[in-house]
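Before any comments, here is the structure.
Every number here is computed from the coordinates shown, using simple stated rules; none is lab data. Worth saying up front: this structure is predicted, and the values here are computed from it rather than measured. Positions of Cβ are generated from backbone atoms using ideal geometry, with glycine treated the same way; all protein chains shown enter the neighbour counts.
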């Protein structure tokens with residue numbers, strides 16, 4: 001799809017530089033001399049009519065010197081970047097400015113740009129004349145574009161800047177699909193072929209760098225298309241080799257796809273659901289939209305959808321005694337542990353790792369409870385326990401269950417499952433608001449000290465059992481005061497069970 005192309009003028013280019021930065025860069029341009037370029041992603045965003053998030057500046061040499069002097073002038077923080085290249089970052093007044101010298105032996109800006117990853121990032125405008133020489137604000141400024149990046153932007157195409165692009169930095173293999181996802185572009189056929197030939201290079205970059213690119217893909221809302229293309233090119237098996245075992249693995253007749261393609265389909269549906277949850281949960285749409293808008297939430301949900309059935313190959317059993325029925329008992333628990341191994345390998349944060357693992361581990365619970373509700377056996381106690389077990393990610397479990405259900409369209413699927421899930425979530429959300437949240441926010445009826453002083457108990461694991469049981473009974477309305485809490489505590493001590 002063709003993209004809008006901005007006319008590059010002195011006014012438009014300087015508008016992306018805060019006034020204080022214009023003044024200080026002008027001072028440095030006079031003092032240090034030489035060429036100064038606004039390059040890479042900043043130039044690309046200008047053409048797309050966007051305001052660059054970061055300012056990418058390129059100089060012929062001495063990038064660290066430029067950055068150091070700017071940090072001194074602005075009172076900003078100086079951060080060296082990379083071991084093999086002369087590059088540094090300045091963070092000042094909520095603005096990030098990256099400086100880099102011509103890379104890999106380049107002696108001109110054209111040579112530098114050709115050595116970059118993709119044509120849409122191999123763009124630049126010369127900045128020092130705009131700062132030093134008075135010009136008409138609306139005069140056109142020439143774009144430096146040695147690889148045809150402007151035309152690729154207009155066509156909506158991702159293309160490697162050169163055949164050496166990936167060999168010089170294998171992480172660029174992932175950047176192909178990251179930019180395809182974030183910009184909604186198609187990948188050039190020759191670039192796809194080059195990626196496929198060099199896919200094995202992706203085993204070289206640091207795990208943190210791989211994780212960062214993958215997270216950007218999964219947060220984009222176009223992750224499904226990117227992941228499918230990565231699988232076709234062979235990259236996905238290097239990043240997530242745990243998915244390979246699901247290729248061609250048959251499922252029960254409630255599903256229409258093999259395990260791997262089902263995971264992909266769940267991701268496709270999850271991206272649609274997180275974009276407009278009210279379409280599937282009409283009465284809870286606003287609350288679910290707020291949940292999805294939380295920091296990193298969509299990214300985690302999309303990862304959970306892609307990897308929710310990671311444990312199925314390891315738990316697959318063909319049951320001759322059940323008419324050759326295929327089962328995956330405990331695949332949720334096994335999959336959560338497998339996911340933890342993946343997340344540790346990519347060095348995810350503890351919080352992200354455990355929250356996604358929690359979703360994978362619990363993704364069957366909404367279906368189990370829906371079966372109970374369908375049979376007319378859903379109790380307040382079961383609802384409360386589900387809400388407490390799910391915790392803050394109760395919405396996430398139901399979003400994942402909805403994506404899972406939509407991704408399974410086999411001939412033996414339960415008709416109306418999505419409506420059942422929406423109704424069950426409505427019930428549980430009401431239980432959360434009316435029964436769980438008020439008790440959780442209130443002071444406890446009993447404390448550990450009272451158990452010691454009133455019942456003469458010694459501290460131990462039973463304290464947790466007693467206090468949790470009292471809290472649950474209070475949520476159910478079976479216990480309303482201290483006397484009732486003490487009675488229940490005594491019963492538990494006598495029976496030593498719930």
When DSSP assigns beta bridges and you keep just the ones with both residues in the chain, what percent turn out antiparallel, to the nearest 5?
75 percent
Label points 7 Å out from Cα along the Cβ direction at residue 140 and residue 110: separation in nm?
1.9 nm
Cα centroid distance between the stretch 319-376 and the stretch 69-109, in Å?
45 Å
FRET efficiency, residue 53 to residue 495 (Cβ-Cβ, R0 60 Å, nearest 0.05)
0.50
Place a label point 7 angstrom from the Cα of residue 324 along the Cα-to-Cβ direction, then list the residues of the stretch 386-424 whose backbone nitrogen is under 18 Å away.
411-412
How would you rank 385, 268, 449, going from fewest to most other Cβ atoms within 10 Å of each one's own Cβ?
449, 385, 268
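When the chain is fully extended, how far beyond the present Cα-Cα distance does residue 189 get from residue 154, taking 0.36 nm per residue of separation?
10.9 nm
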Run the quick spin-label model on residue 414 and residue 203: label points 7 Å from Cα toward the beta carbon, then report their separation in nm to one decimal.
4.4 nm
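Suppose R0 equals 45 Å. What FRET efficiency, 1/(1 + (r/R0)^6) with r the Cβ-Cβ distance, do residue 437 and residue 247 give to the nearest 0.05?
Values: r = 44 Å, r/R0 = 0.97.
E between residue 437 and residue 247, to the nearest 0.05, is 0.55.
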Pseudo-spin-label distance residue 314 to residue 72, built 7 Å along Cα→Cβ, given in nm, is 5.6 nm
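What does the C-alpha gyration tensor say about the overall shape of the stretch 25-175? Classify as rounded when a/c is under 1.5, otherwise prolate if a/b is larger than b/c, or oblate.
Details: a/c = 1.68, a/b = 1.24, b/c = 1.35.
Judged from the Cα gyration tensor, the stretch 25-175 comes out oblate (a/c at least 1.5, b/c at or above a/b).
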Here the FRET efficiency for residue 372 versus residue 79, based on Cβ atoms and R0 = 51 Å and rounded to 0.05, is 0.40
So how do 280, 237, 66 line up by other beta-carbon neighbours within 10 Å, fewest first?
237, 280, 66
Most exposed first, judged by fewest Cβ atoms within 10 angstrom, 435, 331 run 435, 331
Give the label of the value calculated from the structure for Rg and Dmax of the Cα atoms in Å, choosing from (i) 25.6, 87; (ii) 28.5, 90; (iii) 22.8, 71.
(ii)
